[in-house]
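The values are calculated or read from the model by the stated rules, or taken from the named source; none is laboratory data. The shown structure was predicted, so the numbers you read here are calculated from the model rather than taken from an experiment. A quick note on method: Cβ atoms are made from the backbone with ideal geometry, for glycine too, and the neighbour counts reach across all protein chains shown. Note: areas computed on protein heavy atoms with side chains; ligands, DNA, RNA excluded. Shrake-Rupley method; radii C 1.70, N 1.55, O 1.52, S 1.80 Å.
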Amino acid sequence: GAGVSQSPSNKVTEKGKDVELRCDPISGHTALYWYRQRLGQGLEFLIYFQGNSAPDKSGLPSDRFSAERTGESVSTLTIQRTQQEDSAVYLCASSFETSADNEQFFGPGTRLTVL
Amino acid sequence: AQKITQTQPGMFVQEKEAVTLDCTYDTSDPSYGLFWYKQPSSGEMIFLIYQGSYDQQNATEGRYSLNFQKARKSANLVISASQLGDSAMYFCAMSASYNTDKLIFGTGTRLQVFP
């Protein structure tokens, strides 16, 4: 079956522009996560969805970042007024349900470059 | 706060030899999970192995085993019979069952396998 997909794979934008990143989780996975990976670093948690609600937004770095999920499926991460420090790979992951032993399946990521 | 520490930024190992990648963690949650992911140069995150905090036995998956020492709060990854294809970044991560199961990642270890 299909894995987690993300689009676009690469995005180059100018400072100050808004960008939208899309994630299609594995069908039937109720939990969806967004992470950010800066060059040469580990992954930082951004936001988590259970169904369509986001009970944990603690990782969003500023109010320029927002995310939504519809139909317990597709999720969109929006970054407004992008800054150069937003340049990173944004990874989406999904899992069947939340419990400590559920493997998260990762998408290939979107590489965002802010000029 | 939960934290994962990987103290080895880089490791070298000769093909067919075993290698241990270190990981220590800190948490006050009584129930948690520990994960190892592999990230090749292509960027995808590949799940390798999982250990639950209440598991009595160390987890094993093929050539991967997790040396879990709960009292020392360590969860080292052992790769036996290294292969050239094992060259990649390796991330240790932790989730907790009492929150959203977001993964907290370490900074990673770059493993290079040489012939």
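In the stretch B:25-60, how many are more than 26 Å from A:G107 (Cα to Cα), free of Cβ contacts under 8 Å to residues at least 40 places away in the same chain and open to solvent by 40 Å² or more (accessible area, probe 1.4 Å)?
Keep residues of the stretch B:25-60 that are more than 26 Å from A:G107 (Cα to Cα), which gives B:26-31, B:53-58.
Narrowing the set further to residues that are free of Cβ contacts under 8 Å to residues at least 40 places away in the same chain leaves B:28, B:30, B:53-58.
Next cut, open to solvent by 40 Å² or more (accessible area, probe 1.4 Å) only: B:28, B:30, B:54-58.
Within the stretch B:25-60, residues that are more than 26 Å from A:G107 (Cα to Cα), free of Cβ contacts under 8 Å to residues at least 40 places away in the same chain and open to solvent by 40 Å² or more (accessible area, probe 1.4 Å) number 7.
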Of the numbered conditions (1) crowded, with 21+ Cβ neighbours inside 10 Å; (2) under 24 Å from A:G40 (Cβ atoms), B:D22 fails exactly one; give the number of that condition.
(1)
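Specify which of the listed residues (A:A31, A:A93, A:A54, A:A67) is surrounded by 14 or more Cβ atoms within 10 Å (Cβ to Cβ), without any contact (Cβ under 8 Å) to a residue 40 or more places away in the chain and at the interface with chain B (Cβ under 10 Å from one of its Cβ atoms). Steps first, please.
Working: A:A31 fails: without any contact (Cβ under 8 Å) to a residue 40 or more places away in the chain; A:A93 fails: without any contact (Cβ under 8 Å) to a residue 40 or more places away in the chain; A:A67 fails: at the interface with chain B (Cβ under 10 Å from one of its Cβ atoms).
When all the criteria are applied, what remains is A:A54.
With the structure loaded, tell me whether A:E103 is within 14 Å of chain B (Cβ to nearest Cβ), among the charged types (D, E, K, R), under 21 Å from B:E44 (Cα atoms) and over 14 Å from the mean Cα position of the chain (by Cα) or whether it fails that test.
Numbers: within 14 Å of chain B (Cβ to nearest Cβ): yes; among the charged types (D, E, K, R): yes; under 21 Å from B:E44 (Cα atoms): yes; over 14 Å from the mean Cα position of the chain (by Cα): yes.
Spelling it out, A:E103 is indeed within 14 Å of chain B (Cβ to nearest Cβ), among the charged types (D, E, K, R), under 21 Å from B:E44 (Cα atoms) and over 14 Å from the mean Cα position of the chain (by Cα).
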If A:R81 satisfies all but one of (1) within 21 Å of A:T13 (Cβ to Cβ); (2) in contact with a strand residue (DSSP E or B) (Cβ under 8 Å, 6 or more places away or on another chain); (3) open to solvent by 70 Å² or more (accessible area, probe 1.4 Å), what's the number of the condition it fails?
(2)
2 or more residues within 14 Å of chain A (Cβ to nearest Cβ): qualifying strands (runs of 3 or more DSSP E) within the stretch B:11-115
B:32-39, B:46-52, B:64-69, B:88-96, B:109-114
Quick test of your reading of the structure: A:S62 fulfils all but one of (1) closer than 19 Å to B:K102 by Cβ; (2) part of a loop (DSSP other than H, G, I, E, B); (3) among the polar types (S, T, N, Q); (4) in contact (Cβ under 8 Å) with a residue 24 or more places away in the chain. Name the failing condition by number.
(4)
